[in-house]
Amino acid sequence: MRTAPTILHLDMDAFFASAEQAAKPSLRGKAVVVGGLGPRGVVATASYEARVFGVHSAMPMAQARRLAPNAAYLVPRFTLYREVSEQVMGLLGALSPLVEPLSLDEAFVDLEAGEAAWDEASARLAGVKLRADIRAVTGLTGSVGLAASKMLAKIASEQAKPDGLVVIEPGTERALLGPMSVRTLPGVGPATGDHLRRAGITTVDEIAEAGEDELVRLVGKAHGHALYAMALAHDERPVVAERETKSVSVEDTYDVDIHDRMRVGLEVQRLADRCVRRLRGAGLSGRTIVLKVRRYDFSTLTRSETLRGPTDDPGVVREAAARLLEAVDTTGGVRLLGVGVSGLADYTQEDLFAQAQAQAQAEAEAEAAAGESAVLEHPGEERAEGAAAEQAPPAERRWPAGHDVRHAEFGHGWVQGSGLGRVTVRFETPYSEPGRVRTFRTDDVALELADPLPLVMGAVCDRRGG
């Protein structure tokens with residue numbers, strides 16, 4: 001066990017919603033909810049102003065709208081979030097070679113490995129500077145926890161929220177953990193928590209008092225040993241710089257169940273292409289193609305096929321996904337489809353002639369279907385990520401709420417809403433005052449989707465080389 005709080009956990013505050021508030025002056029200080037906006041959408045992130053009304057992550061969007069009807073509801077802009085995340089991860093990388101990202105907005109850092117801290121005072125200084133640097137570079141806030149272990153550093157960052165810093169000094173861990181709920185410990189979800197509660201165990205102190213043998217009896221050998229160790233504040237897990245990617249996948253949930261078999265097949269082909277784009281973007285290939293189908297009755301089927309060697313060829317993945325779909329009964333309707341690739345590698349081992357044939361065939365099919373593919377496009381909970389790349393023809397352009405646009409006369413703005421052939425835009429930038437609102441026809445040739453602007457003016461100069 002370390003003798004100094006040199007493991008840092010950073011958690012960006014309400015990341016998606018905070019990024020949207022920073023980008024949109026008119027939304028600062030107001031309730032903002034980001035997520036899937038369809039009838040089956042869920043909340044990805046809610047601003048702290050929205051949380052006052054009881055809105056929280058993973059809540060059905062319909063319930064969020066009932067709780068906070070006047071909040072701004074926006075589709076995620078993953079391009080922006082990734083750009084900001086890369087800036088934050090760059091700051092963490094300057095502190096230490098051991099940075100373990102958990103998501104776009106969360107990471108562990110081993111400060112001792114980077115000689116950025118060696119005791120409580122230096123660790124606190126590193127945390128203070130990091131928070132200031134994040135605000136200067138991104139305009140956003142992050143909460144920092146410092147402790148001698150990953151588990152305690154994460155608990156500390158939760159206590160620091162929002163926009164704070166908490167240090168757990170070695171020797172104080174047991175006293176801090178004791179009165180906390182068992183749900184505080186990693187791996188204790190609702191089911192395990194309820195099981196322990198029925199046994200009369202609701203706090204971390206009660207886990208320690210129950211003893212290791214009793215915990216093994218209650219929750220099993222592996223989980224029981226781990227829970228007892230964590231209750232005693234023992235956590236020897238190291239910060240791992242590179243977390244192995246086990247699979248790459250995409251999926252869409254549909255507002256209305258899909259019944260047409262041809263439509264299902266076209267959706268699977270489109271998802272396969274999106275999956276390959278992610279695969280190639282990560283510089284990976286894979287051997288096992290996975291198809292996920294959730295039917296009208298919520299039953300979920302998963303089918304997989306393992307190839308002779310790893311591939312990142314879109315034609316090969318499309319064909320495998322189509323073969324897997326043939327074995328699935330979609331009678332009654334489909335509410336969710338997903339395509340994934342696992343068994344990952346950083347190289348490919350396919351027959352090049354077969355790849356070329358498959359690619360040529362796929363391109364011919366794509367060209368033949370081009371006229372109808374856009375008509376079949378329907379938004380899912382992850383569709384925002386590919387909105388710019390998968391636009392419909394001009395007469396049927398989609399305008400996702402919250403996404404960036406540019407008008408030939410009025411400049412940069414964002415979509416407040418659209419429908420009935422009209423799109424409403426607020427013209428403002430991260431560096432302007434709250435802007436004016438104007439409404440246009442959805443087929444207005446002067447209006448087009450645009451890339452997100454950096455949240456901080458200095459980043460604009462950097463991007464332009466100034």
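The values are calculated or read from the model by the stated rules, or taken from the named source; none is laboratory data. Not measured: the values here are computed from a predicted model. Reconstructed Cβ throughout: ideal geometry from the backbone, glycine too, with neighbour counts over all protein chains shown. Heads up: the accessible areas ignore ligands, DNA and RNA and are worked out on the full protein's heavy atoms, side chains in. Shrake-Rupley method; radii C 1.70, N 1.55, O 1.52, S 1.80 Å.
How large is the convex hull of the Cα atoms of the stretch 79-160 per residue, expressed in Å³ as a whole number? Given the Cα convex hull of the stretch 79-160, per-residue volume reads 84 Å³. By the compact-protein rule of thumb, 2.2 N^0.38 Å, the alpha-carbon radius of gyration of the stretch 159-222 corresponds to a ratio of 1.26. Find me the longest stretch of the chain that has none of the exposed GluC sites (Glu not before Pro), where exposed means in a DSSP loop (not H, G, I, E or B) with at most 11 other Cβ atoms within 10 Å. Formally, the longest exposed-site-free interval is 245-408.
When the alpha-carbon atoms of the stretch 1-133 are used, the pair Rg, Dmax equals 17.4, 51 angstrom. The solvent-accessible area of Asp11, taken with every protein chain present and a 1.4 Å probe, is close to 20 Å². In the stretch 115-159, the convex hull through the Cα atoms has an average projected area of 3.4 nm², a quarter of its surface area.
Compute the Kirkwood hydrodynamic radius of the stretch 254-341, taking the inverse of the mean of 1/r over all pairs of distinct Cα atoms, and give it in Å to one decimal.
13.0
Heavy atoms of the protein chains alone define the surface here; on that basis the chain has 48 Å² accessible area per residue at 1.4 Å probe size. If you bin all the Cα-Cα distances of the stretch 115-201 at 5 Å, starting from zero, the percentages per bin are 3, 13, 19, 20, 15, 12, 8, 5, 3, 1. Once the mean of 1/r is taken over each pair of separate Cα atoms and inverted, the chain shows a Kirkwood hydrodynamic radius of 24.8 Å. Seen from every direction in turn and averaged, the convex hull around the alpha carbons of the stretch 77-123 projects onto 3.3 nm².
For Lys30, the accessible area of its heavy atoms, probed at 1.4 Å with every protein chain present, is near 110 square angstrom. When each full DSSP H helix of the chain is screened for a Cα extent of at least 24 Å along its own axis and an average Kyte-Doolittle hydropathy of at least -1.0, the helices passing are 78-95, 120-138, 261-281, 352-373. Whenever you get a sec, compute what percent of the accessible area on the stretch 7-60 sits on carbon and sulfur atoms (1.4 Å probe). Roughly 63 percent, rounded to a whole number.
Across all directions, the average flat footprint of the convex hull enclosing the Cα atoms of the stretch 11-69 is 3.8 nm².
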